[in-house]
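Before any comments, here is the structure.
What follows draws every value from the coordinates through simple rules; no lab data is involved. Everything numeric in this text was worked out from a predicted model, so none of it was measured. Counting neighbours? That spans all protein chains shown, and the Cβs are built from the backbone with ideal geometry, glycine included.
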Amino acid sequence: MRVLITGITGMAGSHLAEYIQAEHPQVAVYGTFRWRSRMENLEPLRRAGRVDLVEGRYSDGQALRDEAKRGRVTLLYCELTDAGAVEHLVAAVQPDRIFHLAAQSFVQESFDEPASTFHINVQSQINLMEAIRRHGTQTRMHVAGSSEEYGLVHPDEVPMKETNPLRPLSPYAVSKVAQDKLAWQYFKSYGLHLVVTRGFNHTGPRRGHVFFDSTFAKQIAEIEAGLLPPVVKHGDLTTKRDLSDVRDIVRAYWLALESAEPGESYNVGSGRTHTIGEMLDILLSFAQVKIRKEEDPARLRPSDVPILWADPSKFRAATGWEPRIPFEKTLRDVLDYWRERVRAEGGQQARAGV
Ligand code: NDP
């Protein structure tokens, strides 16, 4: 089987590649990257000698699809908003499965860059679906939707079911609604096998520093290293989130294409919530030094979603998926990831004489 992961250099994409390598070693994995991509998320696979990098144009599709690619990850350059590049990619790889994870994934940035967020998230998916139409309707594609699609939720509307109204509160969320609806439309109009997961928040090692749990963990790691005064800056601590471990979530993505129904959208989340303040307190309980909290108005969003709480029963019934990783372990692993990065970056700066 050939599997294509868009956004393989991101947090979820890199974990999905590792999951497939570990659990489905007969699969050949292909992933997209760009010149600006942060390749360090693929370092564990690289160190294991599992990654082949194909730069520039890949003219020999047959060589690309060679049996020897089983158990390996092949990285292919592709800007997904470029329809021609996506056409070429899909024709060359002829994937049996596509996990479409690539996105401008940061809610806050979408307020600053609404047009490019919409362009990246919507155009990329259209390009992929059009390429599938032309090159193989047998391809199954997963679309990474988001709980942000629900947006404004009234107190009597939680936990959120797939039938909840979609009232998106950010340009990012509107783009995810568009992705979700486009998947349904292409399923109905052309019979493509498309499954959408509405992923609730997930985190783990490699989470970008702009996301709430990671920004706390990074600050704590920098404070422990003596790089910052002992104060963690935060935004609204009262919002509630249903936070899972990314390693559980990528297993859900795999199952989505194995056993979920095409043309359907599924909540993927833990089914329990914590306030951001509770998560910060858990992280602070792991800190090696005493740290106080301080609100930073710059970290308050224009219209934050007050609660995101999944009812994941539809997905569980379809796939049997259950989260396995304890919540505290996830947060501890995020902090350890940032401790390691701060140590490594400090070492690099010291060697460079900065
Ligand atoms: P990341 O931001 O870590 O990764 C995004 C990936 O998309 C990167 O590899 C990025 O590459 C790639 N990408 C972005 N734009 C393009 C483009 N134009 N062409 C090619 N590649 C591009 O996101 P996550 O791994 O956290 O999330 C994966 C998916 O899950 C996203 O669709 C996100 O919206 C969704 N999601 C995430 C949630 C979460 O809590 N993490 C919750 C719900 C949904 P580059 O480095 O080159 O920019």
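Worth pointing out:
- Relative contact order (%) - criterion: Cα under 8 Å, at least six apart; region: segment 183-274: 47
- Computed on the chain, with alpha-carbon pairs under 8 angstrom and 6+ residues apart, the relative contact order is 17 percent.
- Length available on full extension from residue 189 to residue 106: 0.36 nm per residue minus the Cα-Cα distance, which gives 26.8 nm.
- Which of 39, 160 has the fewest Cβ neighbours within 10 Å, and the rest in rising order: 39, 160
- Multiplying the residue separation of residue 293 and residue 123 by 0.36 nm and subtracting their alpha-carbon distance yields 57.1 nm.
- For 197, 137, 117, 239, the sequence from fewest to most other C-beta atoms within 10 Å is 137, 239, 117, 197.
- In a fully extended conformation the segment linking residue 343 and residue 65 would gain 96.1 nm over its present Cα-Cα distance, using 0.36 nm per residue.
- Inter-part distance, segment 73-90 to segment 158-200, computed on C-alpha centroids, equals 24 Å.
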